[in-house]
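Trainee: Dropping the structure in here first, questions after.
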Amino acid sequence: MTKHVAVLKGGWSHEREVSLNSGAACAQALRNGGYEVTEIDVGRDIGQVLRELNPDVVFNALHGRFGEDGTIQGMLEILGIPYTHSGVLASALAMDKHQAKVMFKAAGVMVTDHVIASRAEIAKAHVMMPPYVVKPYNDGSSVNVFIVKEGQEHPPQEILRNDWDGDEELMVERFIPGKELTCAVMGDVALGVTEIVTDIAFYNYEAKYAEGGSQHILPAPVSSKIYEKVQKMALNAHAALGCRGVTRSDFRYDPRGGDDGELVCLEINTQPGMTKTSLVPELAAHAGHSFEELVSWIVEDASCNR
C-alpha cells in the first residue's frame, strides 16, 4: 500500500522561504520514490487540516519557531500522526541554545562560554571581553547575529533599532576563530565532516542560502583525529538531547588552541535544511545515499512517541 505523506512547509517563522524550498524539494523526491504526497503551506489551522487529510506520515520540513521547537511535534503527538525528525523534548532543547549547551556539557561535549543578557545590557557595555558573538538563543539560520571583533570599542548598537524583530534577551558567546565545521547524524551513524568556507563575515543567512554564498569542502581538510572527534561529538550531542532521525551539529575549530586545537559544538539542528545548497543532502550523498534515498529513509523512520 502506498504511503500518503503530508509535507509541512512554509509557516510564519523567519525561515519561511527556506522551508518552502526544502518542502518542495523533499515532496518531489518522495513522489519520485513512489509515495503519495500532499504539500501543505502551514497556517494556524494546521491541526484541522491534518485531521481532515489524515495522512499516514507527516514529513516536517518546517524551519524555525513553531516548526522545530517542539510545538508542532506536540500537536502531532496529540493527533497520533507519525512524524519525522526529533520529538517534543529534543526539539525544544535543541532550539534553546542555552539549554542545549547545558546538556552538551553534562554529556562531555565541549562548548564555548556564554551569557544570556537583555538587549539594553548588551548594547550599553561589553558583557564579555571581545571577540564575541551576539545571537538569538532560540532561533535559526543566523538571523540577527553580530560579531564583535577584538579591540572593538563599542558593542553592537543595531540591536536597539526601532524595527528590531528579535527577542529581548540574547546570547553573548565567546568567538572561536578558525574553521567552521559541520557533521550530520543519520539514525545512529555519523556521516562525514564538511568545512564551510565563505567570503562573507561569517556563515550567516546569505551564506547559507544564496547561490555561491559559501563553499562546502567535503571531506573537511583536518587531521583524521579531529575528523573523528567531530563525528563522535556530533553523535554525543544527538544522543544527549534524545534526538531522532537526521540532525546536523555545527562546530568551530581553532587549530592554535592547545595540543590538538580547540573544538567546540555551537548547536544542533533537528530540522536541517534540505535545499539544493544544503549540507545534509551533500553529506548523505558522500556516504552513498541519493537525495531520494535520504528522504525515503526519513519517512520510514517516522513515528509517534519520539
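Trainee: Quickly run through segment 3-34 and pick out the residues that are open to solvent by 10 Å² or more (accessible area, probe 1.4 Å) and among the hydroxyl-bearing types (Ser, Thr, Tyr).
Mentor: The one that is open to solvent by 10 Å² or more (accessible area, probe 1.4 Å) and among the hydroxyl-bearing types (Ser, Thr, Tyr): Ser13.
Trainee: Still on this model: Only one of (1) over 16 Å from the mean Cα position of the chain (by Cα); (2) closer than 22 Å to Met274 by Cβ; (3) of a type outside the set (A, V, I, L, M, F, W, C); (4) open to solvent by 20 Å² or more (accessible area, probe 1.4 Å) is not met by Arg65, so which one is it?
Mentor: Every condition holds for Arg65 apart from (1).
Trainee: Next up: Mind checking which residues of segment 147-188 are open to solvent by less than 20 Å² (accessible area, probe 1.4 Å), closer than 17 Å to Met233 by Cβ and assigned to a loop (DSSP other than H, G, I, E, B)?
Mentor: Matches in segment 147-188: Ile176 only.
Trainee: Which pairs do you get when a residue that is more than 12 Å from Ser19 (Cα to Cα), found in segment 47-68, comes within reach of a residue that is outside any helix (DSSP H, G or I) and open to solvent by 60 Å² or more (accessible area, probe 1.4 Å), reach meaning Cβ atoms under 7 angstrom, with the pair 6+ apart or on two chains?
Mentor: Going by the 7 Å Cβ cut-off, the qualifying pairs are Asp56/Lys3; Val57/Lys3.
Trainee: For Gln73, only one of the following conditions fails: (1) in contact with a strand residue (DSSP E or B) (Cβ under 8 Å, 6 or more places away or on another chain); (2) closer than 21 Å to Glu17 by Cα; (3) open to solvent by 10 Å² or more (accessible area, probe 1.4 Å); (4) of a type outside the set (Gly, Ala, Ser). What is its number?
Mentor: The failed condition is (3).
Trainee: Inside segment 189-306, counting only strands (runs of 3 or more DSSP E) that do not spill past its ends, which hold 3 or more residues that are modelled with pLDDT of 90 or more and of a type outside the set (A, V, I, L, M)?
Mentor: 189-197, 246-254, 262-269
Trainee: I need the full set of residues from segment 115-145 which are closer than 20 Å to Arg65 by Cβ, within 21 Å of the chain's Cα centre (by Cα) and assigned to a strand (DSSP E or B), in order please. Explain how you work it out, then say what you get.
Mentor: First, pick out the residues of segment 115-145 that are closer than 20 Å to Arg65 by Cβ: 116, 118-119, 134-145.
Cutting the leftovers down to within 21 Å of the chain's Cα centre (by Cα) gives us 116, 134-145.
Ile116, Val134, Lys135 - these are the residues of segment 115-145 that are closer than 20 Å to Arg65 by Cβ, within 21 Å of the chain's Cα centre (by Cα) and assigned to a strand (DSSP E or B).
Trainee: Just to be sure, is Met110 surrounded by fewer than 16 Cβ atoms within 10 Å (Cβ to Cβ) and assigned to a loop (DSSP other than H, G, I, E, B)?
Mentor: Numbers: surrounded by fewer than 16 Cβ atoms within 10 Å (Cβ to Cβ): yes; assigned to a loop (DSSP other than H, G, I, E, B): yes.
Yes.
Trainee: Hey, does segment 190-198 have a residue that's in contact with a Gly (Cβ under 8 Å, 6 or more places away or on another chain) and over 21 Å from Ala92 (Cβ atoms)?
Mentor: We begin by selecting, within segment 190-198, every residue in contact with a Gly (Cβ under 8 Å, 6 or more places away or on another chain); these are 198.
Next, only the ones that are over 21 Å from Ala92 (Cβ atoms) stay: 198.
Yes: one or more hits.
Trainee: Shifting gears a bit: Please count how many residues of segment 230-268 are of a type in the set (A, V, I, L, M), under 18 Å from the mean Cα position of the chain (by Cα) and open to solvent by less than 20 Å² (accessible area, probe 1.4 Å).
Mentor: Of all residues in segment 230-268, those of a type in the set (A, V, I, L, M) come to 230, 233-235, 237, 239-241, 246, 263-264, 266, 268.
This time we only want the ones that are under 18 Å from the mean Cα position of the chain (by Cα), so: 230, 233-235, 237, 239-241, 246, 264, 266, 268.
Still in the list and also open to solvent by less than 20 Å² (accessible area, probe 1.4 Å): 230, 233-234, 237, 241, 246, 264, 268.
Residues that pass the stated criteria total 8.
Trainee: Continuing with the same structure: From Val37, Val58, Val49, which residue is open to solvent by 10 Å² or more (accessible area, probe 1.4 Å) and in a strand (DSSP E or B)?
Mentor: Values: Val58 fails: open to solvent by 10 Å² or more (accessible area, probe 1.4 Å); Val49 fails: in a strand (DSSP E or B).
Checking each option against the conditions leaves just Val37.
The values are calculated or read from the model by the stated rules, or taken from the named source; none is laboratory data. Because the structure is a prediction, the values reported are computed rather than measured. Here Cβ is always computed from backbone atoms with ideal geometry, including for glycine, and neighbour counts include all displayed protein chains. The protein model used for the area step is the full one, side chains on, heavy atoms only, and it has no ligands, DNA or RNA in it. Shrake-Rupley method; radii C 1.70, N 1.55, O 1.52, S 1.80 Å.
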